[in-house]
Amino acid sequence: MSGRSVLIVGGTGFLGRRMADAFVQAGDHVSVLSRGQRALEGVSAPVEHLFADRHDAVGLREALGERTFDVVVDNVAFDAADVASLLALLDMRVGHYLLTSSTAVYADRFTRRPIREADADLSVRTDADAPNPFHPRLGHAYANGKRAAEQVVRQSRVAWTILRAPVIVGAHDRTGRVWWFVQRLLDGGPIVIPDWGAGRIFQVAWVDDVARAFVAAARQPPPIRRTYNVAQAEIFSSETWVAACARALGVAARYVHVPESSLGERGLDGYTLPIAGRPFGHMLLDIGAIRCELGFEPSAEKVWLNATIQGCAANPPTVSSGGYDRRADETRLAAVGSTSC
Ligand SMILES: NC(=O)c1ccc[n+]([C@@H]2O[C@H](COP(=O)([O-])OP(=O)(O)OC[C@H]3O[C@@H](n4cnc5c(N)ncnc54)[C@H](OP(=O)(O)O)[C@@H]3O)[C@@H](O)[C@H]2O)c1
């Protein structure tokens, strides 16, 4: 099935532009909608660019008019109102609605077996001051909002698919999380791994594979009402993640374990590994459903990891990664660490 009309709400950012390109390459007619704060780059054919702030009902109505879409990917819905307002505006003029969600919806992620889609209790609303927020900036509001957004989707009458991704990595990750590791590995100094205790294994998702998963999901004939985890197959610990990144760069992996209590003593309050540490640390996902039902197979580690790590090294951000101004403190602390590689 190709040549469908596809609208990507929030289609010019890190994931959205990869989605736009993946749908274009599948032969679809793609429109992206954004506020226009950044241009759409990296898409292999021209796509229509609609401009509106999704929170501005009048502007959104003007941008979308009475148009119908075979597929709508809602890539930037962060709460119930976001989903409800878009679906109300489209008023069933959408064949298949897909929501970009997050594995943050799993309130209890410190389990010893891979988390399945049905494990999410979407009614959970976590207090703002509870420990272990999934999102470093938005805290528990992020997971609460994604759960609420999913609830609205599930209650709607449209055909829908929800895709839940863990930390998404790629060469052009604007959060700088990949760059955090690349910059430290390239300077040759060790990476400090605080001992945060048990429960530190995780998966990530490669941006191109997530985009491909959306295309695969959008290919399903209606009626569709399904939720899928999407992630790379590989399972990492902090140590194996550092080693894998180093391998992709062709440099030695150097890391040192330190007690968490030593961070504050050495001027490193708030230090964390932005992918393998707090708050994202533990995340082990069952991706059997997307594999079986959509025939989606994640790319091989060599492909996605090299593209991510080497791509980041080849196009480094213009600013240093988070906490790099304290890199000398990291190195000093590493010198008294207990075990190292
Ligand atoms: N990154 C991760 O690790 C991760 C993991 C799991 C799930 N996710 C999900 O992935 C999605 C983010 O995708 P992304 O990487 O493409 O995001 P992004 O790089 O932040 O891009 C956001 C996109 O949305 C547009 N946008 C933002 N606010 C808007 C508004 N009010 N109205 C209309 N357009 C708006 C932006 O363009 P303008 O600024 O020009 O409007 C841009 O096109 C989110 O749903 C997030 O929860 C991310």
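Would you mind computing, in nm to one decimal, how far apart the modelled labels at residue 53 and residue 299 are, each placed 7 Å from Cα along Cα→Cβ?
3.5 nm
Roughly what percent of Cα-Cα pairs across the chain reach past 38 Å? It would help to have the intermediate numbers written out before the result.
Values: 9866 of 57970 pairs.
Result: 17 percent of Cα pairs exceed 38 Å.
Shape call for segment 189-305 from the C-alpha gyration tensor, a ≥ b ≥ c root eigenvalues: rounded (a/c under 1.5), prolate (a/b greater than b/c) or oblate?
prolate
Rounded to the nearest whole Å³, what is the per residue volume of the convex hull around the Cα atoms of segment 74-121?
95 Å³
Using every pair of alpha-carbon atoms in segment 24-74, split the distances into 5 Å bins beginning at 0 and state the percent of pairs per bin, rounded to integers.
Calculated P(r), rounded to whole percents: 4, 17, 28, 27, 16, 7, 1.
Taking the Cα centre as origin and putting +1 on Lys and Arg beta-carbons and -1 on Asp and Glu beta-carbons, what dipole magnitude results for the chain, to the nearest 20 debye? Please report the intermediate quantities before stating the final value.
Working: 37 positive and 37 negative charges, 63 e Å.
I would put it at about 300 debye.
Given a Förster distance of 30 angstrom, what is the FRET efficiency for residue 234 paired with residue 85, based on the Cβ-Cβ distance and rounded to 0.05?
The value I calculate is 0.20.
Near residue 18, within a Cβ-to-Cβ distance under 10 Å, what is the net charge of the other residues, with Lys and Arg +1 and Asp and Glu -1?
-1
For residue 328 paired with residue 187, estimate the spin-label separation in nm (one decimal), with each label point 7 Å from Cα along the Cα-to-Cβ line.
1.1 nm
As a test of understanding, state the convex hull volume per residue of segment 206-275 from its alpha carbons, in Å³.
Cα-based convex hull of segment 206-275, divided per residue, equals 141 Å³.
Would segment 241-341 count as rounded, prolate or oblate if I go by the C-alpha gyration tensor, calling it rounded below 1.5 in a/c and otherwise prolate when a/b exceeds b/c, oblate otherwise?
prolate
What is the sum of charges around residue 139, taking Lys and Arg as +1, Asp and Glu as -1, for the other residues whose C-beta is under 13 Å from the C-beta of residue 139? List each step's numbers first, then the result.
On the way: positive: 125, 137, 146, 278; negative: 127, 129.
Taking every other residue near residue 139 into account, the sum is +2.
Mind checking the log10 I(q)/I(0) for segment 50-106 at q = 0.19, 0.23 Å⁻¹? Debye, one equal scatterer per Cα, no solvent, two decimals.
-0.68, -0.97
Helix 177-187 versus the longest principal axis of the chain: what angle, 0 to 90°, nearest 10, using Cα atoms?
30 degrees
Is the shape of segment 84-233 best called rounded, prolate or oblate, per the rule: a/c under 1.5 gives rounded, else a/b larger than b/c gives prolate, else oblate, with a ≥ b ≥ c the square roots of the Cα gyration tensor eigenvalues? Provide the component values of the computation, followed by the final result.
Values: a/c = 2.14, a/b = 1.59, b/c = 1.34.
It comes out prolate by the Cα gyration axes.
What list of whole percents do you get for P(r) of segment 1-150, with Cα-Cα distances grouped in 10 Å bins up to the one holding the largest distance?
Cα pair-distance distribution for segment 1-150, in percent: 11, 36, 32, 19, 3.
Each value in this text was obtained by applying a stated rule to the coordinates, not by laboratory testing. Predicted model only: the values in this text are computed from it and were never measured. Note: ideal-geometry Cβ built from the backbone for every residue, glycine included; neighbour counts use all protein chains shown.
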